[in-house]
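Notes for the one structure printed next.
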Amino acid sequence: MTDTRDEIDAEEGAGVVKKFMFVNRKAPYGTIYALESLEVVLISAAFDQDVSLAFLDDGVYQLVKGQDTKAIEVKNFSPTYRALEGYDVEKLYVERESLAARGLTEDDLLVPVQVVSAAEMAELMEAQDVVIGF
Amino acid sequence: MKFGLLINEGPYNHQAADTAYKFARAALAKGHEIRRVFFYNDGVNNATRLTEPPQDDRHIVNRWSKLAEEGGIDLVVCVAAGLRRGLVEDNLAPGFRISGLGQLVEAGIEADRLVVFGD
């Protein structure tokens, strides 16, 4: 019985949990990358995958508190980062060097994150099955 | 090896679509399997049949259609990204199909490697 079940799972890919990391490198507005990255993140969470997010370079601006987009007539989607917890997406890694280069600290961010060094970020990426960068 | 490909940039504007195509051809020539090619972001513009480049240039859209026809490759365009950019069934080139982002996640799960072609 168990064997049959395993075979079905393997065949359909059901029950497979891979480590997905979404790497965000771009500012939240100016291009659509950050928003469309977030859309994939939400879908992958629905597939019960082991999802984590990495923020580096200008991507750290995606998590900055107090975003106001009224003047550019673009939707402020930053509240969605707060909702990620409800999708069991709780691993948010922010690169320390990228924060420092922009004069930001963890207190400037709108969600709890783990601040890691560039070297630690490399190790985290190494441990993934799928890395998708935007 | 089973590959999944993700293409995030539009044709002609960016090298990503060309490199992805070359990669797909090279992988197939080596006997690998291309499990799926997923088009996202401006990458959805690879799938419009309205594309008409100058005659002395490569035809990126037709190249994909031919790859799908010859190799039975599954070319999937993200429905939400497509709608944003005016890419719908009416102007979809042969060999492509429109579906959801779940198809990208599924490709990531099923393929041995998901290779991203973007900026």
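Details
- Debye, to nearest 20: dipole size of segment B:5-66, +1 on Lys, Arg Cβ, -1 on Asp, Glu Cβ: 380
- Per-q log10 I(q)/I(0), segment B:2-117, q = 0.19 Å⁻¹ (Debye; single scatterer per alpha-carbon; no solvent): -0.94
- Beta bridges assigned by DSSP with both partners in the protein assembly as shown are antiparallel in approximately 5 percent of cases.
- Once the Cα gyration tensor of segment A:17-133 is diagonalised, semi-axes √(5λ) in Å: 21, 18, 12
- Distance between segment A:75-134 and segment B:2-81 - C-alpha centres, whole angstrom: 31
- Electrostatic dipole magnitude of segment A:17-133 [Cβ: Lys, Arg +1; Asp, Glu -1; Cα centre; debye, to 20]: 300
- Taking only alpha carbon atoms, the protein assembly as shown gives an Rg to Rh ratio of 0.99, where Rh is the Kirkwood radius.
- Estimated from helical segments only, the mean residue ellipticity of chain A at 222 nm is -9500 deg cm²/dmol, where each DSSP H run of four or more residues counts as -39500 (n - 2.57).
- When the GluC sites (Glu not before Pro) in segment A:49-134 are filtered for DSSP coil states and for at most 10 other beta-carbon atoms within 10 Å of their beta-carbon, the remaining sites are A:E73.
Every read-out reported here was derived from the displayed coordinates using simple, explicitly stated rules and does not represent laboratory data. Here the structure is a predicted model, which means the values were calculated and not measured. Neighbour counts run over all protein chains shown; Cβ positions are idealised from the backbone, glycine included.
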